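Notes follow once the structure below has been shown.
The values are calculated or read from the model by the stated rules, or taken from the named source; none is laboratory data. Being a predicted model, the structure only gives us computed values, none of them experimental. Because the Cβ atoms are built from the backbone with ideal geometry, glycine has one as well, and the counts that use them run over all protein chains shown. Areas reflect the complete protein model, heavy atoms only, side chains present, ligands, DNA and RNA absent. Shrake-Rupley method; radii C 1.70, N 1.55, O 1.52, S 1.80 Å.
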Amino acid sequence: MTMIIAQITDTHLSDVDAADPKFSARAENLRACIADINDLDPLPDAVIHTGDITQHGRAAEFDHARALLQSLEAPLYVTPGNRDGREGVIRAFTVDGYFMPDYAFVHYAIDEHPVRLVAVDSLGNGIGPKGDFCHDRLAALDATLAEAPARPTVLFMHHPPFDVPTAPDPFAYQRRQAVVDLATVVSRHKQVIHIFAGHMHRPWTAMLGGVKASTVPSVASDLRYGSYLPTMATQPVYQIHQFDGDEGFVNEPRLPGSGVGYPNT
Ligand SMILES: [Fe+2]
């Protein structure tokens with residue numbers, strides 16, 4: 001059994017007619033990633049966007065994002081970033097039909113692929129960029145995971161639930177206990193094999209509750225952190241996660257236009 005997930009994150013898009021050229025450059029970054037994803041053979045089973053789809057969470061920004069993202073040929077699943085806000089994502093993406101309508105937050109499972117996908121809403125309360133998990137969200141996650149204990153499952157969320165020591169502020173949550181509580185839920189469900197996140201705009205890998213967890217660079221190349229050649233200043237990067245059974249997910253950062261193939265092929 002194999003499954004290929006393309007992950008895009010932190011696109012930070014503005015309106016289609018935003019005056020600042022950095023926003024048209026970010027739209028171009030996303031267009032390049034989408035074109036590359038659509039050229040992959042085989043197509044990924046799914047594309048996940050792990051949040052900060054927009055810069056300010058405005059409706060016109062979501063309109064622009066949707067207009068770009070709708071050219072993806074593989075199914076797209078989204079989760080909110082702190083820049084987006086929960087209501088903006090719900091307003092913009094409910095039409096796609098995969099959100100579970102019973103929740104006041106973004107929570108859903110996708111069962112139609114070889115690996116089950118579960119979206120987790122990591123938005124914090126109040127002002128500021130940091131994340132949190134309330135009791136209701138963790139209870140919803142626990143119940144959703146209990147529905148399919150034998151299916152390999154990944155979680156995806158915006159805020160990485162682990163320290164990223166290369167970041168100026170390594171911890172993305174308002175409370176340590178939030179991540180401890182998430183780890184408790186995750187460790188109860190042995191079918192969870194990976195946690196995918198965004199937010200930090202740089203790569204890092206860690207463990208949470210016995211599960212591999214990772215965050216990746218932003219698609220917006222002007223917001224990407226880490227060491228890159230100057231010639232890569234406008235070159236976006238996105239991620240291919242390939243599931244091959246025993247090894248779990250293998251990650252391959254991908255440069256649109258490079259012609260580099262899938263890992264292990
Ligand atoms: Fe971001």
Of MET157, MET207, MET232, which is the most mobile in a GNM of the chain whose springs link Cα atoms less than 10 angstrom apart?
MET232
Just the number, please: carbon plus sulfur as a percent of the accessible area of region 3-254, 1.4 Å probe, no ligands or DNA/RNA counted.
54
Compute the signed sum of charges (Lys and Arg +1, Asp and Glu -1) over the other residues within less than 15 Å, Cβ to Cβ, of SER24.
-3
For the chain, built as a Gaussian network whose Cα springs stay under 10 Å, the top-fluctuating residue of LEU208, LEU182, LEU229:
LEU229
Please check: in the Gaussian network model of the chain (C-alpha springs, under 10 Å), which one of VAL216, VAL78, VAL16 has the largest mean-square fluctuation.
VAL16
Solvent exposure of the chain as accessible area per residue, Å², 1.4 Å probe
42
Put a dot 7 Å past each Cα toward the Cβ at THR166 and THR94; how far apart are the dots in nm?
4.0
Antiparallel as a % of all DSSP beta bridges within region 177-233, to the nearest 5?
55
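With the Cα gyration tensor of region 3-254 giving a ≥ b ≥ c as the square roots of its eigenvalues, does the rule (a/c under 1.5 for rounded; else a/b larger than b/c for prolate; else oblate) give rounded, prolate or oblate?
Because its axes are fairly even, with a/c under 1.5, region 3-254 counts as rounded.
Counting DSSP beta bridges with both partners in region 3-254, what percentage is antiparallel, nearest 5?
So the antiparallel bridges amount to about 50 percent of the total.
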Starting from 0.36 nm per residue, how many nanometres of slack lie between SER24 and ARG66 once their C-alpha separation is accounted for?
13.6 nm
